[in-house]
Structure formats: C-alpha cells, structure tokens
1. Using a 10 Å Cβ count of at most 14 others and DSSP loop calls, identify the longest part of the chain lacking such GluC sites (Glu not before Pro).
2. Can you tell me, using C-alpha contacts under 8 Å and at least 6 residues apart, the relative contact order of the chain as a whole percent?
3. Using Cβ contacts closer than 10 Å as the measure, can you line up HIS42, HIS277 from fewest to most?
4. Between TRP13 and ASP251, how many nm apart are label points set 7 Å from Cα along the C-beta direction?
5. What number, in percent, do you get for the relative contact order of the stretch 1-155 if the mean sequence gap of Cα pairs under 8 Å and at least 6 apart is divided by its residue count?
6. Within the set of other residues whose C-beta is less than 12 Å from the C-beta of LEU123, count the net charge using Lys and Arg as +1 and Asp and Glu as -1.
7. Assuming 0.36 nm per residue, please report the length gained on full extension of the stretch SER190 to SER95 beyond their Cα-Cα distance.
8. May I ask you to list the trypsin sites (Lys or Arg not before Pro) in the stretch 193-228 that are in a DSSP loop and have at most 14 other Cβ atoms within 10 Å of their Cβ?
Amino acid sequence: MRTIPGQWSFTRWTSVEQLEALDVRHPLFSARLFLQGAHLTHFAPTGHANWLWLSDSARFETGRAIRGGIPICWPWFGVPDRNPPDVRETIRTRSAHGFARNEVWQLEEVVEATDSVEISLSLLANDDFKDRWRGHASALLTFRFTRDACQIALTTTNLGQSALAFSQALHSYLPAAISDTVITGLDGASYTDTLKDWAQFRQQGDVTFPGEVDRIYQTGGEAITVHSGSQCLHLTSSGSCSAVIWNPGPDKARQLSDFSAQDWKSMVCVETANVLHDFRLLNSGQSHTLGVMITRSHVTKEHS
C-alpha cells in the first residue's frame, strides 16, 4: 500500500553526521538511502553482511560525495573532456561525474509490502544548474528491495525543447577480496583501457586484477558476475550497453580522498552505464531508463 511520511512500518528517517537518510528495517532485509545524491550505502538480507562496499573513511558531509555504496553519476560520467562531443557540449564545468551525486534529491514515494520496500527520489535539473550544465531534464530514481535482490532504475526525461545528450552510471562499489576476485560475463567483449592511452582491446577470458584496472566495456546486456571467495554477486543491467570495471590498485589508492591505502584490497566497482559510444540522446519529451538488479549466490565456478 502507498504510505506517506509518519505512516511507514519499516522505513524511518535518520541522520548521519550532516546528512539525512532513510533507514529501512524490514523483517527480510535492511537498507540505508541518503537524500544527498540519492545514494544507497547499505543493502543486506536479514542476517547477512552489506552487499555494498563502504569505506571506513567515508564522510557524510553536505556537498561531498560519499566514498562507497552506489553513487549516481549524472548527467555525465567521468571527466568532461572524455565524453562524446554531443555530451561535452552540454557541460559547463571541469568537474567529473556530473552534479547529481552532490545534490539533495526529493522524496517522491515510499511503498511498503510484506515482502518488499520501494523508494522513489527525484531531481529536477533546471536553470538552477545552468552554470554547470546546458539542459533541462528530470531524473527519477527508484529502488526496490526484497530478500533476494536490490533493483535500481534511473529514468531521465528531457524537459527541454531541443535534443539532449547525456552519459551516466550507477557506480556500484562491491565488497571483494581483490586478490581472489574474477569477473565473468565479459569474455570476448571489446573495451577501452583508460590506463593505456584509451586504446581498444578485446577481453580474453575472465577479468582479473593484477594491479590497477580502469576499463570501459561494450556489453551486450549479459549479466556480469563478481566471484570473490564463496560469494557471487550478479549484476543484470537494462537500458545499458556499457559497463565500467574499476579498482585503483595500491598506487592510485594513496591519492584518493576518503579512501585508506589498503581499501583497494577489499572492493571492486562494476558500474552499469551509458558511456562513450553508449551515450544517450533524447528528443524533447523522451525518456530513458538505466537499471540494474543485484542478486547474490554462493555457487562456486571454474574460471578460465
């Protein structure tokens, strides 16, 4: 049934340092979702550890992106200069990853059921952002939690009169013992290696992590699985033909904010995206939804 603030059974307001959040304490699962950035930092079935990785050094401050969880990179991904020309023309700042991850989103709806909780947040990107971005669009982000899955859907609607180009990513940080981690589902996919002058390669076998990895894969929509120890996290995307695989390695880790020198050993990012050639172009009034469903299993596999 639809509920309004004050009438929820499983969802409560909370605050962490300077930021306001929604805490979900359902009998079957728990979650924490911050209004700043529409940033999910915790999801776990009851009795289990967080399916997401969150830095012990994360800071919850106004205007500061949280290190870990699932940051929302929108309406552009990465540094402006590495975006396609159509996207680059909309950007009026040198900042990376857009502005959505630092803005306070509006709570639209909380829907609770005996087996699920759904939360929707929105961001209206209008003239208030004209110093950073040339566009007029709305973003609606819906989270659906159950005992078995965490689903996220980000819908962009072009509210302007002219066509709008944008790139984006659901920047998922996942727990992983990186020395014992492989990623399947990308064998044969072409990718751009940002550490090798943005050259093009083709994946041979599984993705492993001998050091820093920063790659943008062209995908066919197949599920990507992170195997780490006995845990397998499966990411099934929709509205996406690209994915980013990232681990900073020991040298880059020392340069990152809110990230300890050893954190690279315990995480990996698998980002559902619309980036590089997979950027999206919407005519006036059109919408596009980027989504991911995260599930988990403990089935071990042989890796190539």
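No value in this document is a laboratory result; all are computed from the given coordinates. All of these numbers come straight from a predicted model, not from anything done at the bench. Here Cβ is always computed from backbone atoms with ideal geometry, including for glycine, and neighbour counts include all displayed protein chains.
1. Between exposed loop sites, the widest span is 90-221.
2. About 17 percent, as a whole number.
3. Values: HIS42 18, HIS277 11.
In order of increasing Cβ crowding within 10 Å: HIS277, HIS42.
4. 4.8 nm
5. Once normalised by length, the contact order is 19 percent.
6. Details: positive: ARG101; negative: GLU103, GLU108, ASP128.
Result for the local shell: -2.
7. 31.4 nm
8. LYS196
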